[in-house]
1. Those residues that are surrounded by 11 or more Cβ atoms within 10 Å (Cβ to Cβ) and free of Cβ contacts under 8 Å to residues at least 40 places away in the same chain, I need them from region 128-142; list them, please.
2. Which one is surrounded by the most Cβ atoms within 10 Å (Cβ to Cβ) among residues in region 1-51 that are modelled with pLDDT of 85 or more and either in a loop (DSSP other than H, G, I, E, B) or among the acidic types (Asp, Glu) (or both)?
3. Could you pull out the residue among Leu108, Leu160, Leu97, Leu164 that is within 25 Å of Gly28 (Cα to Cα), touching a Ser or Thr at 6+ places or on another chain (Cβ under 7 Å) and not in a loop (DSSP other than H, G, I, E, B)?
4. For region 97-113, does any single residue satisfy the condition of being under 21 Å from Val38 (Cβ atoms), surrounded by fewer than 16 Cβ atoms within 10 Å (Cβ to Cβ), without any contact (Cβ under 8 Å) to a residue 60 or more places away in the chain and out of contact with any Lys or Arg (no Cβ under 9 Å at 6 or more places or on another chain)?
5. Cβ contacts < 6 Å: first residue on the phi < 0 side of the Ramachandran plot, restricted to region 12-30; second residue outside any helix (DSSP H, G or I), any location; separation 6+ or different chain. Result?
6. Looking at region 49-71 only, could you name the residues that are farther than 17 Å from Glu129 by Cβ and touching a helix residue (DSSP H, G or I) at 6+ places or on another chain (Cβ under 6 Å)?
Amino acid sequence: MVGHFIYFRGVHEFLFTIGAPIGAMVSGLMFGGKWKPVFIYYTVLLAAYFITPIAWQLPIWGMWNTYCAYMAVVALIVVQKHGWEPRSSKLPYALALSAFIGLEADILFRIFIFIPCQTYQLFYGFTVEALQYIWGTAALITPIQVAISALTTAIVGPPLIKALKDATFV
C-alpha cells in the first residue's frame, strides 16, 4: 500500500493491494499444511475467471504460472494423504513452494478483480485487444518476478527462522 501512495495511480488501485495479504495468508496456510482452504480459494477464483465471457477471448496460456501453482496445491493434497508434510522436508524447499503458491494467490486475486469483476472496463476502459496484449506480456514478466521472490524466500527464510528461534526475548 505504501508503494501505491508513493507512485499514486488512482484510488481504484488500492483495491488490487488486497491481494498481498491474501497471498501472505495463503503462504502461511500452505506452510502450515492447511491445503483445503487454499484449494477452495484457487478453485473458486479460477472457476470465476473461466466462466467470465471476456476470459474466453484471452490466451489460455497467459496464466500458466497460476495453473502450475494450482497443480502444486493439488499434488500436495494427494501426497499429504500418504503422510508427507511440507515442513518435514528441507525448509528452503517448503518456504519456496509456500511463497510460490502464496504469490500466485495474490496474482489470482488481482486477476479476479480485473477480469470477472470487470475492472478492466470499469476503471481502465481496456478493449479485448489491449487485454490480449496485457495477458501475453504478463505471461512472460510475472513468472520471473515470482521466481525471484520465491528464490529470495528460500535463501533468506531459513536463517531468519533460525535467528528468531534462537533469539531470547526478555
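The values are calculated or read from the model by the stated rules, or taken from the named source; none is laboratory data. For clarity, every value in this text was computed on a predicted model and none was experimentally measured. Counting neighbours? That spans all protein chains shown, and the Cβs are built from the backbone with ideal geometry, glycine included.
1. Scanning region 128-142 gives Ala130, Tyr133, Ile134, Thr137.
2. Trp35
3. Matching residue, one of Leu108, Leu160, Leu97, Leu164: Leu108.
4. Among the residues of region 97-113, not one is under 21 Å from Val38 (Cβ atoms), surrounded by fewer than 16 Cβ atoms within 10 Å (Cβ to Cβ), without any contact (Cβ under 8 Å) to a residue 60 or more places away in the chain and out of contact with any Lys or Arg (no Cβ under 9 Å at 6 or more places or on another chain), which makes the answer no.
5. Short answer, once both residue conditions are applied: His12/Phe123; Thr17/Met1.
6. Within region 49-71, Tyr49, Asn65, Thr66, Ala69, Tyr70 qualify.
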